[in-house]
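Undergrad: Please read through the structure below; I'll follow up with questions.
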Amino acid sequence: MNTIFFELTLVLIIAGGIAFIISFFKQPSIIAYIATGLILGPLGYYQLHQGEALSSLSEIGITLLLFMVGLELDVSQMKRIGKTALIAGLCQIIFTTSLGFIILKLLGFTNIASFFVAICLTFSSTIIVVKLLSEKHDLQSLYGKIAIGIFLVQDFAAIILLISLSSLGGGDMVSSGLPTSLNFLLLIVKAIVLALIVIFHSKYIFPKILQHLGGSDELLLVFSLAWALGLATLVSLPVIGFNLEIGGFIAGLALANSAVHYQIGARIKSLRDFFIILFFIVLGSQIALDNILHLGKPALILSAFVLIGNPLIVLTALGLLGYKPRTAFLSSVTFGQISEFSLILIALAYKLGYVDQNAVGLVTLVGIITIALCSYTILYAEKLFLIFQKPLSWFDFRKGSAEKGLQQHVMKNHVVLLGAHRVGEHIIKTLLKQKTQFLVVDHNPDVAEKYSAQGIPVLCGDITDPHIQELAALKTAKLVISTLPDLNDNLMVIDAVALNKSKTKVIVTAQEESDATILYERNTDYVILPHFIGGMHIARLLGTGAGFNSHLKALKQNHLKLLRRS
């Protein structure tokens, strides 16, 4: 029974059970996956016989994780946050690494171990924080945007570090006898050549391919996976010398500006999560429990440093940049935990022989402690601010000067239009005339690119996907208009709005009277029946009497103009 099928089923059942239990304590599921690895590995309740196979599968998860990081990298977000994210992010990286290194040296660790562990203490979990801020509906708030901007700076630093590790421990290059400096220079040259090739494809090749594939979710998924894993495999060949993770990131970056990158992200997300589960389970299974006792004290000290020190560094930096104590504090508490990047980096350092299992176990323990505790500080940040409001006023160094006149573009009380072709086109014209804030969601990349070129906010994706619903901010919309003809799509939209218990009005489209009845039974505010509305229009036209012929001629001319435009 010790087959890959059996063991994969076993680890997923255990992981699912533990994740279900800890969800009652509002803890991230990553803790459940590491705990599963502990049960199946060091604790010895079951000895995995297919550990190597599961480890190989987990590498797919890391590659897809970095593919998603590259895919969702919003450079325009960096431009908007700009100086704030860059300065605060660099300050946090420098001070956390320096102070962490000093603490680790005082705890008796070697220079190389202190360096790598200190670096791991630097990065915070974008995935966990985005998930928690999303639950609080704060992703579009000023502090949320500042936090995400700093996370992007951290992500860039992590990618650079991964590239550096590739150059220092690139196997065949090191064994070739070349000096380390030449290895690094050679790798930079290869990186530039690779970047130019990818930029060329992202500008001239991929848009045509994705335009053709955009209408098929299945083809889009297969192409995205083939590109991500294919490029990762290519760059990991000895002749190039990068690792799989770098290949995944570059593959995502190449598709980041495509009209369908939201669709790709929505399709890949669940698959990525599945393989990431295996990574954390494998990581947990490799922790040496016999070293846990003597790692307990340093883990607690470093956890306190991450939970308190990291937020203090960010809080001070944002205060000096001129942000008010509340904005600075709410942003800073999101940095009180270490990242999945930290675990990836320490695992890679161990694989390359720079650190031992003690370092891996220490970073993992710090991860479990900080992720667990920081989840509560983020969820209850507003209450904590009220408690510490007086001492936090000391950080108001510049009287909130950076926030004066700062515009927050928050999608709220807006109109969401689903489907921009035909009927939707007329609705868009009216919304533009009324200067109403609205967002277009369309599955067709051609339609999305058309309106995007006109400066109209548009998302290319399937509105039935929860990720697209979140990006469209359905929770805070005042009106959702669906011109989609499919009954099931419209029912899912209605359910998504009802789930949020908001006062959003919903107008949907039906092709048959029976469908309209079903939609009205689900408390839809209005159902568009095209043939019914068409019949009413003709009836009104007939009611014009003597002016029928002139009205008919004018309508014909207008209709022809619209048809020629479309």
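Undergrad: Would you mind counting up the charge near residue 259? Only other residues with Cβ under 13 Å from its Cβ, with Lys and Arg at +1 and Asp and Glu at -1.
TA: Charge balance near residue 259 sits at -1.
Undergrad: Further question on the same structure: Hey, with R₀ at 35 Å, roughly what FRET efficiency would residue 233 and residue 203 work out to, going by the Cβ-Cβ distance, to 0.05?
TA: Working from the Cβ atoms, E equals 0.90.
Undergrad: Can you work out the accessible area per residue across the chain, with the rest of the protein chains kept in place, probe 1.4 Å, in square angstrom?
TA: Value for the chain: 49 Å² per residue.
Undergrad: Could you give the length gained on full extension between residue 98 and residue 525, defined as 0.36 nm per residue of separation minus the Cα-Cα distance, in nm?
TA: Net length gain for the segment: 147.8 nm.
Undergrad: What does the convex hull of the alpha-carbon atoms of the chain project to on average, in nm²?
TA: Here the figure is 31.1 nm², rounded to one decimal.
Undergrad: Going by the alpha-carbon gyration tensor, a ≥ b ≥ c the square roots of its eigenvalues, is the range 223-361 rounded (a/c under 1.5) or, if a/c is not under 1.5, prolate (a/b greater than b/c) versus oblate? Write out the running numbers ahead of the final one.
TA: On the way: a/c = 2.20, a/b = 1.20, b/c = 1.84.
Cα axes put the range 223-361 in the oblate bin.
Undergrad: What is the list of residues in the range 308-326 whose amide nitrogen lies under 16 Å from a point 7 angstrom out from the Cα of residue 399, following Cα to Cβ?
TA: Counting only backbone N, you get 320-325.
Undergrad: Taking square-rooted eigenvalues a ≥ b ≥ c of the alpha carbon gyration tensor, is the range 479-555 rounded, prolate or oblate, where a/c under 1.5 means rounded and, failing that, a/b exceeding b/c means prolate? Provide the component values of the computation, followed by the final result.
TA: Details: a/c = 3.41, a/b = 2.70, b/c = 1.26.
Verdict is prolate for the range 479-555.
Undergrad: Normalising by the residue count of the chain, find the relative contact order in percent from Cα pairs under 8 Å and 6+ residues apart.
TA: 17 percent
Undergrad: Now a separate question. Using each residue's phi in the range 461-469, evaluate 6.51 cos²θ - 1.76 cosθ + 1.60 at θ = phi - 60° and report the 3J(HN,Hα) Karplus result to the nearest Hz, with x for Gly and Pro.
TA: x, 9, 5, 6, 7, x, 5, 5, 4
Undergrad: Sequence-distant or interchain residues sharing an amide H contact under 5 Å with residue 505, placed H: which?
TA: 479, 480
Undergrad: Say each of residue 218 and residue 446 gets a label point 7 Å from the Cα, pointing the same way as Cα to Cβ; how far apart are those two points in nm?
TA: Using points 7 Å along Cα→Cβ, the separation is 2.2 nm.
Undergrad: Excluding residue 285 itself, what net charge comes from residues whose Cβ is under 14 Å from its Cβ, given Lys and Arg +1 and Asp and Glu -1?
TA: -2
Undergrad: On to the next question. How large is ³J(HN,Hα) for each residue in the range 101-109, as worked out from phi by the Karplus curve 6.51 cos²θ - 1.76 cosθ + 1.60 (θ = phi - 60°), to whole Hz, x for Gly and Pro?
TA: Residue by residue, the range 101-109 yields 4, 4, 4, 5, 5, 5, 7, x, 7 Hz.
Undergrad: Next question, about the same structure. Run the numbers on the range 442-566 and let me know its relative contact order in percent, using alpha-carbon pairs under 8 Å that are six or more apart.
TA: 15 percent
Undergrad: Can you work out the Karplus-derived ³J(HN,Hα) for every residue in the range 502-519? Use 6.51 cos²θ - 1.76 cosθ + 1.60 with θ = phi - 60°, whole Hz, and x for glycine or proline.
TA: Going residue by residue, I get 9, 9, 5, 7, 10, 10, 10, 10, 9, 9, 10, 4, 5, 5, 4, 5, 4, 5 Hz, with x marking Gly and Pro.
Undergrad: Also: Between residue 193 and residue 498, what length comes free when the chain is fully extended (0.36 nm per residue of separation minus the Cα-Cα distance, one decimal in nm)?
TA: 104.7 nm
Undergrad: Under 19 Å Cα-Cα from residue 561, which aspartates and glutamates qualify once same-chain neighbours fewer than 8 residues away are excluded?
TA: Of all the aspartates and glutamates, those that pass the test against residue 561 - Cα under 19 Å, at least 8 places apart if same chain - are 425.
Undergrad: Okay, next question. Report the calculated FRET efficiency for residue 556 and residue 536 (r = Cβ-Cβ distance, R0 = 22 Å), to the nearest 0.05.
TA: According to the calculation, E is roughly 0.75.
Undergrad: While we're looking at this one, here's another question. Testing the spin-label approximation: label points 7 Å from Cα along Cα→Cβ at residue 164 and residue 300. State their distance in nm.
TA: Between residue 164 and residue 300, the simple spin-label model gives 3.2 nm.
Undergrad: Amide H neighbours of residue 355 under 5 Å, counting only residues 5+ apart in sequence or on other chains, H built in-plane at 1.01 Å?
TA: 350
Undergrad: Moving to a separate point now. For a Förster distance of 45 Å, can you work out the FRET efficiency between the beta-carbons of residue 388 and residue 470, rounded to the nearest 0.05?
TA: 0.90
Undergrad: Give 324/399; 269/478; 190/351; 105/351 a once-over and call out the pairs whose C-alpha atoms are over 18 Å from each other.
TA: Result: 269/478; 190/351; 105/351 exceed 18 Å.
Undergrad: Whose amide H sits under 5 Å from the amide H of residue 459, counting only residues 5 or more places off or on another chain, with H placed in the peptide plane?
TA: 440, 441, 442
Undergrad: Same structure, new question: Given 0.36 nm per residue, what is the gain on full extension from residue 413 to residue 436 after removing their alpha carbon distance, in nm?
TA: 7.3 nm
Undergrad: Per the 1.4 Å probe, what fraction of the accessible area of the chain, in percent, lies on carbon and sulfur atoms? Mind showing how you got there, number by number?
TA: On the way: 17990 of 27460 Å².
Roughly 66 percent, rounded to a whole number.
Undergrad: Sticking with this structure for a sec: Once every DSSP H run of n ≥ 4 in the chain is given -39500 (n - 2.57) and the sum is divided by its residues, what mean residue ellipticity at 222 nm do you get, rounded to the nearest 500 deg cm²/dmol?
TA: Dividing the helical sum by the residues of the chain leaves -21500 deg cm²/dmol.
The values are calculated or read from the model by the stated rules, or taken from the named source; none is laboratory data. This structure is a prediction, so every number in the text was calculated from the model and none was measured. Note that we place each Cβ from the backbone using ideal geometry, even for glycine, and neighbour counts take in every protein chain shown. In case anyone asks, the SASA skips ligands and DNA or RNA and just uses the protein heavy atoms, side chains included. Shrake-Rupley method; radii C 1.70, N 1.55, O 1.52, S 1.80 Å.
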